[in-house]
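Since the structure comes first, as structure tokens, the remarks are kept for the end.
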Amino acid sequence: MGTVKESRDDIAVYIEDREYMANQYVMKCFFITMVFYVVSFILNQLEIFIVDKQVMTSGFFPSLIIYVIMLIGSKMVSLSNEKVKFFILFAVMVVYTIMGITITYHVVLASVLPFLYATLYSSKKLMRYVYILTIISTICIVYGGFYWGLCDANMALLTTGRLQEHSLNGQFLLTTVNPNPIYSLFIFYVVPRCLIYFAFVFVCNNIIRIVSGSIEKVKLTAELERAKTEAETANQAKSKFLARMSHEIRTPINAIFGMNEMILRESKEPAIRKYASDAKDSSEILLSIINEILDSSKIESGMMELVPVNYKLGSLLNDIYNMMNVRAKEKKLELIFDIDPGMPKQYYGDDKRIRQILINLLNNAIKYTNRGKVTLKITCDVEGEIATLHFAVEDTGIGIKQEDIGKLYEEFKRIDSGRNRNVEGTGLGMSIVQQFLKMMNSELHIESEYEKGSVFSFDIEQKIVDKKPLGDFHKRYIQSVDTEFKTSFIAPEAKVLVVDDVEMNRTVFKALLKKTRMQILEAGGGKECLDMLKEQKVDIVFLDHMMPEMDGIETKHRIKELQLCEGVPIIMLTANALAEDREMYLQEGFDDFLSKPILVNKLDEMMLKYLPKTLIMEADYPEEEEELPEVVELPELEEFDFGYALSILQKEELLYKFLEDFHHSMNSIMQRLEMYYASIEKSESLQEYRTEVHSLKSTSATVGALLLSKVARLLEVAALEQDIQKIRTLHPVLLEEMMKHKERIETVIQQEEEKPFAEKVEAAYLDMLKLGLRNEDYATADFMCAEIQKYRYPKQIQEKVNELVESIFRLETEEALHIIEEIRG
Amino acid sequence: MRRVFLIGKFNEVFEEVNHYLSEYFNVQVCVDNLDLIKGMLKLNRPDLIVVNLTDFTGLQVGILEELKKEYTDIPVMCTGAAAEPAEFVNIFRDTHFHVLDVFATHEQILESIYEVLHIDYDVDSGVFRKAMSKRKNVLLIDDSPLQLRTMNEMLKGKYDVQMATSGVKALALIGQRVPDIIFLDYDMPVCDGRMTLQMIREIEEAKDVPVIFLTGVKDRAHIQAVLELHPAGYLLKPASARMIHATLQKHLY
């Protein structure tokens, strides 16, 4: 489908181009011809180059007609096929020749050349025919004219040198002296004139092109400038938005990660484990995408800065190897790290960025390689304190076409997207790499052979901290594998304290460590944490940063002041993944930090790194049975998320009770909304309206009517921003939804049963109710309300009672007391 | 906490007794309507029924007869002076009723109640209050009644819940009785959570009451703003029953 459409588009563009060109040339040639006429008219007047006056006039009008024909003809050039074009051309030439012979060859010569030259300018094949035809027709005209004695004085002079008065009508008669008149006519007359015409057209053509070209250029530059500023503004806004969004997204991902991990650990159903592991893969991809977007938007909004620290190249590469080797193995590729063993060991620079660059490049290499190997080569030149590191990532992958290399750096651009559509990615990777390298005063070099493989290489300068040689990387790696691969361990003796004000986060944390059987202590705040530390000794502390009352950093200081747990590692838990924060945490005396979402491997690593080695034991996971909470059967109701409602209300009876209450209150809510809406222009009404939708927002969410809640929220925002127009649009939607929801609820809640009839409301009930209300004792008031509702009353009283019940539900004490008095009469 | 069911006509004497006893017991009041009394007794079985006879006439004899016949297992105590005491003489004969002297003071009434319910007490050292573990009082402030209702449903039975639909109403309630903990909605029209909190903090008796913010707004700036007020804690709406109970547990005990 796509290709057919594309080629159609192409043809349309092509035709338009041709048409445009043809038209333009016709116009140009018309102009040239006119100039020619003016010139020859002047020459005629000055008697330098004499042309018969009759010839001038009879030549001018036919030319004009011919130009009109040509304009039509040029339209046809673009529309009709080759044969038609040739036919038209031929017909025009024949007509022309005849006209030329009968009127004058002189005029025809002046106009025919540029005309043909122009009409069929763009086709070489046609051009050839045109030249031939032109020459033939010129010969015909000249020969015919000469033969029938229609040539002018100049012509006669040129060809014979002799001139005689021929006939009565004033025409010249030629006395032939020259033995070969046609030949000399051709040499002396036709050829030089043709050449002059060609030269003339060529010069004019060029002048016109230059003039129009420079006008176009000015226009284009202005347009480009405007487009550029527009794009830049938009881009900056986009970057800021993305940076903010990404941060917001990271937080909920924590819960997704954690809960998923819990499922993976606790469920034994193979199907569920499969789903959960798929979900885990996807959320990992999601996180990496968000990280990429975050990076690229930070770079663009200028928030990204290099944070140089001392780092060991060996451990950096080790991390990368571990990560990449898993992926390479999945694709059955060989991953080779070819590192110069003589290069220095420790450097000063931004290892995070270098790591990201290498991971991006290696990731790409692995992604686009289906067989063979991926190699990372690092060599180094040392000049005093500065080392220039040469990195090169080679692969035996699909390679890149030469013309596509430029596209590599464009954001969101995927090369050869047809061929590579099943390779995932945002298309941001290369652009990020390029930007990082730019920040480090370097750039990426790409050599690639299509279908054979590519080499991505770059050089960066780093300050040397430790000149000791790095050593054989592979040996070192194999050594460290023994210690690092021990992810399955238990530590039942270890005491871990986690401090976080959000209970959900603590739950996730606990669940992640469940298998290690550590003793996990929880604290909901800094104060609680200090109290706990006073009482008992722990082995490691995880502190959240943002907490009410006493935040993580303050808590840390207090721990230090009180000398509560010296030598115990304290690790910061934070949702701030920014590098500058990381520095700050380390400066504040934290041993390390763990960013949220907490990844289980990171957490295990942390534990292995900081827990005393004596506490860690080999794992021997015996399978534990866990009881799942009982699942409550809930009715299915369109647009209602009862699972959500139940997560708030906890009890099924409560849910039904609230659903009923909500149902009761809907009518009056709608009435009030309509009332305020009628006079929405008034600011008091708008205020009331806002209050009403505000409460509707939360109440509808409580019973699980999330859609309704969202609409109410939109209206609340609109009311807050005093966007009357928006309210007008959304208000009917809200009411319609409320009606629908009301009907839906009616299908679930029990219909009211027949009640006994009572003539009037029991005065004692009203007394009790009044007493309860006066004391703000809503327990009594609610009870009395329920008692009163057990009866049916005469219509008038019933209405009042309904109002009363409604006002008590809304805690409108004054109103309720007023209605009680009304009921009493 | 012991439940006392107090029956009587709503008058000054009744109010006073009610007010006094409420300090020590969970008092449920009820007017002199037999159907109502039956209904309420069915709902909640009290440890003791107290009947305030003030203003009672012959019309109310039926109530006492019913109590005598049907509720033999609940101790009944009569206080105050009936308007037509002659009507009641027969009733008081051989019953399980504890009829107090017409002029008995509140303290004497309380003493008799303690005797009837077999509670240890020491009048002189004023241990009355300490012997009781009073229910904690929770004040909920939110502009949305349904929200308040939700919370109330979650808490009632375990706590004494008071609800206020605005900051101003909340202040009135605090004036009557200082709560043990306050849940405060941040985003309220007119007088928002911040202003309400400032007003609460200005009341001398209530300035140390822990205030938990409930906020529906999740963005960082907002939470930061809430945290700057140094509340005892904050919960994101909609808060689950488990969270609320956990918070109460943490701050009250």
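Observations
- Which listed residue is within 10 Å of residue B:141 (Cα to Cα), acidic (Asp, Glu) and in contact with a strand residue (DSSP E or B) (Cβ under 8 Å, 6 or more places away or on another chain), from B:180, B:185: B:185
Let's see how each residue does on (1) within 14 Å of another protein chain (Cβ to nearest Cβ); (2) buried (at least 18 other Cβ atoms within 10 Å of the Cβ); (3) polar (S, T, N, Q):
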residue	(1), (2), (3)
B:32	yes, yes, no
B:39	yes, no, no
B:74	no, no, no
B:79	no, yes, yes
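- Residue in segment B:164-181 that is at the interface with chain A (Cβ under 10 Å from one of its Cβ atoms), within 21 Å of residue A:654 (Cβ to Cβ) and hydrophobic (A, V, I, L, M, F, W, C) present: no
- Cβ pairs under 8 Å, 6+ apart, first in segment A:772-789 and without any contact (Cβ under 8 Å) to a residue 12 or more places away in the chain and over 14 Å from residue A:820 (Cα atoms), second buried (at least 21 other Cβ atoms within 10 Å of the Cβ) and among the β-branched types (Val, Ile, Thr): A:779/B:161
- Checking every residue in segment A:458-466 against the condition of being under 22 Å from residue A:373 (Cβ atoms) and modelled with pLDDT of 75 or more gives at least one match.
- Where a residue in segment A:713-724 is at pLDDT 85 or above and of a type in the set (Phe, Trp, Tyr) and its partner, wherever it lies, is outside any helix (DSSP H, G or I) and surrounded by fewer than 20 Cβ atoms within 10 Å (Cβ to Cβ), with Cβ under 6 Å and at least six apart: none
- Residue match in segment A:395-404 (condition: at pLDDT 80 or above, among the small types (Gly, Ala, Ser) and under 30 Å from residue A:469 (Cα atoms)): no
- Any chance residue A:711 is outside any helix (DSSP H, G or I) and buried (at least 20 other Cβ atoms within 10 Å of the Cβ): no
- Note on segment B:195-210: among residues that are surrounded by 17 or more Cβ atoms within 10 Å (Cβ to Cβ) and away from chain A (no Cβ under 14 Å), the one that is farthest from the chain's Cα centre (by Cα) is B:196.
- Residue in segment A:668-698 that is surrounded by the most Cβ atoms within 10 Å (Cβ to Cβ), counting only those that are closer than 15 Å to residue A:708 by Cβ and away from chain B (no Cβ under 13 Å): A:673
- Among the residues of segment B:211-220, just one is more than 8 Å from chain A (Cβ to nearest Cβ), buried (at least 17 other Cβ atoms within 10 Å of the Cβ) and of a type outside the set (A, V, I, L, M, F, W, C), namely B:215.
- Hits in segment B:63-72 - residues which are surrounded by fewer than 16 Cβ atoms within 10 Å (Cβ to Cβ) and farther than 23 Å from residue B:119 by Cα: B:65, B:66, B:69, B:70
- Test result for residue A:336, of a type in the set (A, V, I, L, M, F, W, C), part of a helix (DSSP H, G or I) and modelled with pLDDT of 85 or more: no
- Positions within segment A:556-604 being in a helix (DSSP H, G or I) and modelled with pLDDT under 80, in sequence order: A:579, A:580, A:581, A:582, A:583, A:584, A:585, A:586, A:587, A:600, A:601, A:602
One line per residue, one yes/no per condition, for (1) at pLDDT 85 or above; (2) within 10 Å of chain B (Cβ to nearest Cβ); (3) crowded, with 16+ Cβ neighbours inside 10 Å:
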residue	(1), (2), (3)
A:757	no, no, no
A:761	no, no, yes
A:773	yes, no, yes
A:778	no, yes, yes
A:791	no, no, yes
A:810	no, yes, yes
A:816	yes, no, yes
A:819	yes, no, yes
A:825	no, no, no
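- Of the residues making up segment B:31-62, those that are touching a strand residue (DSSP E or B) at 6+ places or on another chain (Cβ under 7 Å) and farther than 21 Å from residue B:116 by Cα are B:32, B:36, B:37, B:40, B:54.
- Checked against the criteria, residue B:150 counts as part of a helix (DSSP H, G or I), facing chain A (nearest Cβ under 8 Å), farther than 22 Å from residue A:547 by Cβ and in contact with a helix residue (DSSP H, G or I) (Cβ under 7 Å, 6 or more places away or on another chain).
- Residue satisfying all of: in segment B:221-246; in contact (Cβ under 8 Å) with a residue 24 or more places away in the chain and assigned to a helix (DSSP H, G or I); nearest to the other protein chains (Cβ to nearest Cβ) among these: B:241
- Filter result (touching a residue at least 60 places away in the same chain (Cβ under 8 Å) and either surrounded by fewer than 16 Cβ atoms within 10 Å (Cβ to Cβ) or touching a helix residue (DSSP H, G or I) at 6+ places or on another chain (Cβ under 6 Å) (or both)) within segment B:87-117: B:106, B:116, B:117
- Filter result for the condition that a residue is surrounded by fewer than 19 Cβ atoms within 10 Å (Cβ to Cβ), within 13 Å of chain B (Cβ to nearest Cβ) and not polar (S, T, N, Q), over A:535, A:522: A:522
- Once segment A:353-381 is narrowed to residues that are more than 30 Å from the chain's Cα centre (by Cα) and outside any strand (DSSP E or B), the residue that is surrounded by the most Cβ atoms within 10 Å (Cβ to Cβ) is A:372.
- Test: residue in segment B:155-168 that is assigned to a helix (DSSP H, G or I) and buried (at least 19 other Cβ atoms within 10 Å of the Cβ): yes
- Taking segment A:446-460 as the range and being within 9 Å of residue A:397 (Cβ to Cβ), part of a strand (DSSP E or B) and not hydroxyl-bearing (Ser, Thr, Tyr) as the test, only A:453 passes.
The values are calculated or read from the model by the stated rules, or taken from the named source; none is laboratory data. Here the structure is a predicted model, which means the values were calculated and not measured. All Cβ positions, glycine included, derive from the backbone under ideal geometry; neighbour counts span all protein chains shown.
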